[in-house]
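The structure appears right after this line, and notes come after that.
The values are calculated or read from the model by the stated rules, or taken from the named source; none is laboratory data. This one's a predicted model, so the numbers in the text were calculated from it and none came from an experiment. Note that we place each Cβ from the backbone using ideal geometry, even for glycine, and neighbour counts take in every protein chain shown. Each accessible area value is taken on the protein alone, full model and side chains, heavy atoms only, with ligands, DNA and RNA left out. Shrake-Rupley method; radii C 1.70, N 1.55, O 1.52, S 1.80 Å.
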Amino acid sequence: MARFFRKSKQWIRHLLGCGLFLFPLYSNAKALKPEQLWSLQPLSQTTVPKIKSEKVRNDIDGFIQNKLIEKGIAPSPRAGDATLIRRLYLDLHGLLPPPQTVKEYCEDKDPQKYSKLIEKLLASPRYGERWARHWLDVVRYADSNGFETNHERKNAYHYRDYVIRSLNQDKPYDQFVFEQIAGDTCGADEATGFLVAGPNDTVRGKDPLLAKQQRANELADMVGVTGSTFLGLTIGCARCHDHKFDPVSQSDFFSMQSVFEGVVLGERPINQEISKEKLQKIAQTEEQIEEIEASLLQYKPKGKQVPRFVWMDDQDMTFVSHFYKKNGHGDNPRGKARGFLDDPGSAKHSPNLSGGSYTWWTNKSGEPAVSYQAAVEGMYRVWLSWGSGWSTHTKDARYLLDQDGKIETTDDRTEIATINQQLLANGAGKIISKPLWSGLQDCGTHSFSSSSKILVCGGNSGGVLTTDLIILERADKSVPVRRFEPKVKSTLNEDWFHPVTTISVRFTIGQTNNGIEPCIDELGIWSSEGERANLATRKALIKSVTSSGNFRGSPKHKLAHINDGKFGNDHSWISNTKNTGWIEFTFKQPQRIERVTWGRDKNGKYKDRTPSNYYIEVKNEKGEWIEVASSASRKPRVIEGKNGSTLFALDHLDSEKKSIARKFIQDLDEKKKALDELKKKPRAWIGSFRQPSPTRLMHRGDPLSPREVISPVSLSAFTQRVPEYALDENSPEKERRKAFAQWLIDPKHPLTARVMVNRIWHYHFGRGIVATPSDFGDMGFRPTHPELLDWLAGEFISQGWSIKQMHRLILQSYTYQQASEPRTEAISIDAGTELLWRFPPRRLEAEAIRDNMLLLSGLLDEKMYGPGFLLFEPNANYARNWIPKDDVDEKDFRRMIYNMRIRMEQDSVFGAFDCPDGGQSAPNRARSTTPLQALNLYNSSFTEKIADAFSQKLLKQTDDSTKQALLLGFESIFGREPNLQESTTASRYVEEHGLAAYCRVLFNANEFLFMP
Ligand SMILES: [Ca+2]
Ligand SMILES: [Ca+2]
Ligand SMILES: [Ca+2]
């Protein structure tokens, strides 16, 4: 009775959890001192009890049977082969063994067959899928945010996959722990999904108090889960004041919070090595693109070509040929600095026009790597660009013009330039070890014939040669273009020209992107002197603004809006003629100007009506209009392809050829899109980090009552037990998590190993040596076998923290191999089977039931990893309203570990089987029995569908013999043949109700739902 009382007290205390509201009840209770709490003591050096018995297979049995002898209970007999193989399969894989495998195993005479089976099952990838589920329960993993909006997290799965992989490769547990706390510091970015796996309140009001509270809750979640997962301590209870029972102070809580203070929830690009398969796919796609571009060449316009500009990017195979294999591409980094991807350009240089990357080659001194053929006739100015930024690049790349384009004749070559490819155009910039675009360098005018080629040849120095955009500009004007511009944007465009003094400026439109009346929301004319201001909005300077005609009918569109300083559709001008129109500004006095800016809708909402073909003129002293800029000097617009794939019009082709060429262009578009996709870094819901300001203790846990600054130092209860860390309040964010993780995995740590071996034990036997796997504090249960727990923890550490080694140890014990049948005399002493006089049978989890139904019916899709499947209707509501799908199909037939877990929602069929929703850590699943379970399992459309498939499969395997099919069904699901009574009943049932109904009955049998 006393024992019962002590136990129930433990339970009640545990169930009530941390004791804030228990305070009055326990006002006299004092928290334990570190030396009083059993779990904080160093691992004891235990001697293994030696027992002479054939029922002892390894040291575990010594501990277990020693206790059984004390209580006067005999161990159970060893379970039969059929039971053992079923138990092992369900325990390690969560899947049933195939009936044939069961048969072979039972007939096998090899005395090593049991050990061999363990090895086989541990080596299978199904093992990681099964055991990852256990871990995900503990770390409260889910695929949605929870709270009011409960949006899905499409990219959380990277962490789930990390756990599966780690288990399958038997990653040492100390490493596994370290990576989840600080994986970003050691190439395991995705492991930090652990830190941010908890719920996330995305509704951030404008109230700063509320925001503080939300952030405090986030951090408390991280501290709490880290404490319970790895330490088995309810540290979260010390948020408001010192822990009521365990030696954890409030300052311990905030010290641990300071470790995580810089962790931010959200999605970010993941740093992951690109897999070999992916690299291969990239190379393959690039090759296909080159092939299509080669086929397209024949549709190019022929004859004498004298375009004003020719843009030849290094990756545009319309112009470029390779002499040997390229090494790869240098992708310009994101950023607005010179040479970076988003470099907007300046008065002195063009914006980034590289198309995002350059090509790089092994530098072969004097040898051509690439040729550019523009197929133009006459004098052209050559603008060169290349990839720069690295000290490995050659300092003297040579650019030659080969007149006849024939590589074997060399006396027709003239030198265009020798270029230092380490630096930007004209020797500007510095070597910063980033793949930059050089910008354009004017290399003078040269005479071209249609067969002429520009050869890019290796220099005498350096290991790398690069190629990028080359532009030819027809040399019929004395002044070259000041700046080249990207394609027209609907938002805002700039047109720069050499400074000019004028009294009038005219902007003339010849074409729009969709063939209707052009629209401009604001036109700016910028002075080249003084503060370089927009003169168009200075009404005092302007004599008149006129146009070709104005769109009528809407007050949103007026001529007066062209220079009212406001942007967007509501403040714009529209012409009254399709495709065309002009605007003319006249100043009172001549102005010196250098730039015009204009756009369709700076707000980005409207993209139609955008001028695609236009020119800008100024009036000279004689009253003549002179063109200063036009769409011609912009990067050529895409004429046919959407993805930048063609640079020539198809107007010269007949309709048949046009349609063939269009097909090529379409293919090219798709391939280019695919390539872009392949090159994208995947995004993941994992930890993001920033340097935090010092952490402060919050009085009563209230984020509005900050008190003293708290530094990241190790928890006080472990002083002198574990090597400590003590960082200062401003220490770098990463150092904090590294120090904490190192501290956690120190072999002297009394909790890390104890907690983990107990979890492993818990999942094998259905109950831990400590029955509260995430609470090793005073509120938790005491271990039933303390010496065994310490011995296992010691083995765990000395065997390199190998989880699989722990499985082997446990599975090889006689204790695990016992039969599970109840025995009256044993039950009278130990009804709960805590002393393990038998193997405790237990009901399977929701996941195992569903997976096995799919397996039996032949529908299970074994595809591993990647985005999960969703058992709810797609949903775009701001606050998601998750409605279970009526019908499931093939893509939902993967193992349930790949099911997207939505917080606060349950799967309509299997949720009833105590499936946690990731709202909080679930270290110990309930195993309830409710009528709803039977109802779902018998009547749901899922069961009907699966039972139907199961019966179809059975008939197929038995050549439509119902009699054979029902036997095979029985064997497949129960791993044994039916007895006479069972087979008679089954036959009668099938006759009356059909095979599919019989399969439904099988799915509802206890023998299927329980692990024996
Ligand atoms: Ca390029
Ligand atoms: Ca030649
Ligand atoms: Ca405007």
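Does segment 262-284 contain any residue that is crowded, with 20+ Cβ neighbours inside 10 Å and either within 16 Å of ligand 1 (Cβ to nearest atom) or not hydrophobic (A, V, I, L, M, F, W, C) (or both)? Within segment 262-284 (the criterion being crowded, with 20+ Cβ neighbours inside 10 Å and either within 16 Å of ligand 1 (Cβ to nearest atom) or not hydrophobic (A, V, I, L, M, F, W, C) (or both)), the answer is no, since none of the residues qualifies. The number of residues in segment 384-415 being within 14 Å of ligand 2 (Cβ to nearest atom) and under 26 Å from Gly355 (Cβ atoms) comes to 4. Is it the case, given these coordinates, that Thr410 is outside any helix (DSSP H, G or I), surrounded by fewer than 19 Cβ atoms within 10 Å (Cβ to Cβ) and in contact with a strand residue (DSSP E or B) (Cβ under 6 Å, 6 or more places away or on another chain)? Here the answer is no, as Thr410 does not meet what is asked. Considering only segment 574-586, I want to know if a residue exists there that is in contact with a helix residue (DSSP H, G or I) (Cβ under 9 Å, 6 or more places away or on another chain) and either more than 16 Å from ligand 3 (Cβ to nearest atom) or under 21 Å from Val488 (Cα atoms) (or both). Checked segment 574-586: at least one residue is in contact with a helix residue (DSSP H, G or I) (Cβ under 9 Å, 6 or more places away or on another chain) and either more than 16 Å from ligand 3 (Cβ to nearest atom) or under 21 Å from Val488 (Cα atoms) (or both). The set of residues in segment 144-155 that are out of contact with any strand residue (DSSP E or B) (no Cβ under 6 Å at 6 or more places or on another chain) and either in a helix (DSSP H, G or I) or not small (Gly, Ala, Ser) (or both) comprises Asn145, Phe147, Glu148, Thr149, His151, Lys154. Note on segment 434-476: enclosed strands (runs of 3 or more DSSP E) holding 1 or more residues that are within 44 Å of the chain's Cα centre (by Cα), at pLDDT 95 or above and surrounded by 23 or more Cβ atoms within 10 Å (Cβ to Cβ) are 453-457, 464-467, 470-474. Does any residue of segment 678-695 turn out to be within 14 Å of Met256 (Cβ to Cβ) and within 34 Å of the chain's Cα centre (by Cα)? Checked segment 678-695: at least one residue is within 14 Å of Met256 (Cβ to Cβ) and within 34 Å of the chain's Cα centre (by Cα).
Lys588 - would you say it is more than 29 Å from Arg308 (Cβ to Cβ) and without any contact (Cβ under 8 Å) to a residue 40 or more places away in the chain? No; evaluated as a whole, the condition is false for this residue.
Residue pairs whose Cβ atoms lie under 8 Å apart, sitting 6 or more positions apart in sequence or on different chains, and linking a residue in segment 359-380 that is free of Cβ contacts under 8 Å to residues at least 40 places away in the same chain to a partner that is more than 16 Å from ligand 1 (Cβ to nearest atom), do not occur here. Which residue out of Leu836, Leu809, Leu789, Leu856 is assigned to a loop (DSSP other than H, G, I, E, B) and crowded, with 19+ Cβ neighbours inside 10 Å? Just a single option satisfies the conditions, and that option is Leu836. Quick check, is Asp495 open to solvent by less than 40 Å² (accessible area, probe 1.4 Å) and more than 16 Å from ligand 1 (Cβ to nearest atom)? Here the answer is yes, as Asp495 does meet what is asked. Scanning segment 507-531 for residues that are in contact (Cβ under 8 Å) with a residue 24 or more places away in the chain, in a loop (DSSP other than H, G, I, E, B) and either in contact with a helix residue (DSSP H, G or I) (Cβ under 8 Å, 6 or more places away or on another chain) or on the phi > 0 side of the Ramachandran plot (or both) gives Gly515, Asp521.
Suppose the filter is away from ligand 1 (no atom under 16 Å from the Cβ), at pLDDT 95 or above, closer than 18 Å to Arg600 by Cβ and touching a Pro at 6+ places or on another chain (Cβ under 9 Å); does Ile562 pass it?
When the stated conditions are applied, Ile562 does not pass them.
The set of residues in segment 836-854 that are over 30 Å from Ile69 (Cβ atoms) and not basic (Lys, Arg) comprises Leu844, Glu845, Ala846, Glu847, Ala848, Ile849, Asp851, Asn852, Met853, Leu854.
Here is the figure for segment 68-83: residues that are touching a residue at least 60 places away in the same chain (Cβ under 8 Å), over 9 Å from Trp837 (Cα atoms) and more than 49 Å from the chain's Cα centre (by Cα) total 3.
Residues of segment 902-920 that are farther than 20 Å from Lys885 by Cα and surrounded by 23 or more Cβ atoms within 10 Å (Cβ to Cβ): Gly918 alone. Within segment 924-939, being among the basic types (Lys, Arg) and open to solvent by less than 70 Å² (accessible area, probe 1.4 Å) holds for one residue alone: Arg925. On the basis of being part of a loop (DSSP other than H, G, I, E, B), touching a residue at least 12 places away in the same chain (Cβ under 8 Å), closer than 26 Å to Thr359 by Cβ and not basic (Lys, Arg), does Ser490 make the cut? When the stated conditions are applied, Ser490 does not pass them.
If you go through segment 792-806 and pick out every residue that is in a helix (DSSP H, G or I) and within 14 Å of Pro747 (Cβ to Cβ), you end up with 6. Please go through segment 99-126 and pick out each residue that is touching a residue at least 12 places away in the same chain (Cβ under 8 Å), surrounded by fewer than 21 Cβ atoms within 10 Å (Cβ to Cβ) and closer than 18 Å to Asn852 by Cα. Pro99, Thr101, Ser124, Pro125, Arg126, listed by residue number. Residues of segment 372-404 being closer than 22 Å to Ser450 by Cα, part of a strand (DSSP E or B) and either touching a Cys at 6+ places or on another chain (Cβ under 9 Å) or away from ligand 1 (no atom under 16 Å from the Cβ) (or both), which ones? Of everything in segment 372-404, those that are closer than 22 Å to Ser450 by Cα, part of a strand (DSSP E or B) and either touching a Cys at 6+ places or on another chain (Cβ under 9 Å) or away from ligand 1 (no atom under 16 Å from the Cβ) (or both) turn out to be Gly378, Met379, Tyr380, Arg381, Val382, Trp383, Leu384, Arg398, Tyr399, Leu400, Leu401, Asp402. Is it the case that some residue within segment 294-306 is open to solvent by 60 Å² or more (accessible area, probe 1.4 Å), among the basic types (Lys, Arg), under 20 Å from Trp361 (Cα atoms) and away from ligand 1 (no atom under 16 Å from the Cβ)? The answer is no, given that none of the residues of segment 294-306 is open to solvent by 60 Å² or more (accessible area, probe 1.4 Å), among the basic types (Lys, Arg), under 20 Å from Trp361 (Cα atoms) and away from ligand 1 (no atom under 16 Å from the Cβ). Residues that are away from ligand 2 (no atom under 15 Å from the Cβ), under 18 Å from Glu377 (Cα atoms) and among the β-branched types (Val, Ile, Thr) within segment 438-472 comprise Thr445, Ile470, Ile471, listed in sequence order. Filter segment 313-334 down to the residues that are open to solvent by less than 20 Å² (accessible area, probe 1.4 Å) and under 23 Å from Gly429 (Cβ atoms), then identify the one that is nearest to ligand 2 (Cβ to nearest atom). Among residues in segment 313-334 that are open to solvent by less than 20 Å² (accessible area, probe 1.4 Å) and under 23 Å from Gly429 (Cβ atoms), the one nearest to ligand 2 (Cβ to nearest atom) is Asp314.
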